[in-house]
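Only one structure is covered here, and it is reproduced in the block below.
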Amino acid sequence: MLDYNVPGGKLNRGLSVVDSYKLLKELSSSKKGAQLTESEIFHSSVLGWCIEWLQACALVLDDIMDSSHTRRGQMCWYKLPKVGMIAINDGLILRNHVPRILKKHFRSKPYYLELLDLFHEVECQTVGGQMIDLITTLVGEIDLSEYSLPTHRQITVSKTSYYSFYLPVACALLMTGEKLESHSGMKDILIEIQDDYLDCFGDPEVIGKIGSDIEDFKCTWLVVKALELCNEEQKKILYDNYGKKDPESVARVKDLYKTLKLQDVFEEYEKKTHEKLNKSIDAYPSKAVQAVLQSFLAKIHRRLK
């Protein structure tokens, strides 16, 4: 179960802990270009794997709730013949090993309690975002009029941005002895990063999963923007087809997205967001944190998978 669900992804979240800590140490140290010790590489890697375990838990449970078919280029764990709903308990096993790993390797560290608080807070944000995502897609209560950019932002910030973008950098900061309350501006920048464009337009061969946001009636940036741009006739197409499982309905929605040129609209939106984030990063008081944020943004901007 561990081998199937924990590795296999891009490992961006876990690797970002090591990368961020390395940058912070290099730029904060009196010795420029200071290298990480073997112990520092090990401990930052452990924190990275804790995030990957938390991610694995979220994906195993999310795939069940969304009735997804594939993940990371393979069948979803619950879809395997001998797994089924046992996957719910497997998700909890994944989740509950995180504090055990933290206790084993960080109990003697001065920032141990802050680490525990950080993981608890991020997980609380994540499950809260998942709850909002689920209650906006209640079966039998399909109502696109409820969808808006503020609702979409609330879902993506809580469900994805906290554990994907904020958590790795916060872990690295704690390792350097920094207090997170001194870096609230860093959190504000990181949670602005979001992406649900690939679910619709990404190639399954490249991104490793078959997107199902349209079938699952998800409140995505794409559908919210489509509602803003379409005329009454096009709006009827959305209302008649969005949230239906059959391939023809999904194709009609995607065709409408293409007619509205949402790919171009998204690229313009992404460009403006990228410029805004760069300005916020340039204004950040710590040069070391600036470098971490720039590195993180470079990994996310215009990604293909």
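For beta carbons closer than 8 Å, sequence separation of 6+ or different chains, a first residue in segment 97-116 that is crowded, with 16+ Cβ neighbours inside 10 Å and a second that is part of a loop (DSSP other than H, G, I, E, B), the qualifying pairs are Tyr111/Gly177; Glu114/Lys179; Leu115/Lys109.
Based on this model, can you work out whether Ser164 counts as out of contact with any Asp or Glu (no Cβ under 6 Å at 6 or more places or on another chain), open to solvent by 70 Å² or more (accessible area, probe 1.4 Å), of a type in the set (Gly, Ala, Ser) and modelled with pLDDT of 75 or more?
Taking the combined requirement at face value, the residue does not satisfy it.
For residues that are in contact with a helix residue (DSSP H, G or I) (Cβ under 6 Å, 6 or more places away or on another chain) and open to solvent by 20 Å² or more (accessible area, probe 1.4 Å), scanning just segment 242-262, find the one that is farthest from Glu26 (Cα to Cα). Checked segment 242-262; the qualifying residue farthest from Glu26 (Cα to Cα) is Arg252. Looking at Arg13, is it modelled with pLDDT under 95, surrounded by 21 or more Cβ atoms within 10 Å (Cβ to Cβ) and assigned to a helix (DSSP H, G or I)? Yes, satisfied.
Does Leu80 satisfy the criteria of being open to solvent by 60 Å² or more (accessible area, probe 1.4 Å), of a type in the set (A, V, I, L, M) and either more than 18 Å from the chain's Cα centre (by Cα) or under 22 Å from Gly128 (Cβ atoms) (or both)? So Leu80 does not fit the description; no. Just one of the listed residues (Phe266, Phe296) is aromatic (Phe, Trp, Tyr) and under 23 Å from Tyr163 (Cα atoms), and it is Phe296. The residue that is surrounded by the most Cβ atoms within 10 Å (Cβ to Cβ), counting only those in segment 274-285 that are under 21 Å from Ser20 (Cβ atoms) and in contact with an Asp or Glu (Cβ under 9 Å, 6 or more places away or on another chain), is Leu277. Among the residues of segment 258-281, those identified as of a type in the set (A, V, I, L, M, F, W, C) and within 17 Å of Val224 (Cβ to Cβ) are Leu260, Leu262, Val265, Phe266.
The values are calculated or read from the model by the stated rules, or taken from the named source; none is laboratory data. These numbers come from a predicted model, not from an experiment. As a convention, Cβ positions derive from the backbone with ideal geometry for all residues, glycine included, and neighbour counts pool all protein chains shown. Heads up: the accessible areas ignore ligands, DNA and RNA and are worked out on the full protein's heavy atoms, side chains in. Shrake-Rupley method; radii C 1.70, N 1.55, O 1.52, S 1.80 Å.
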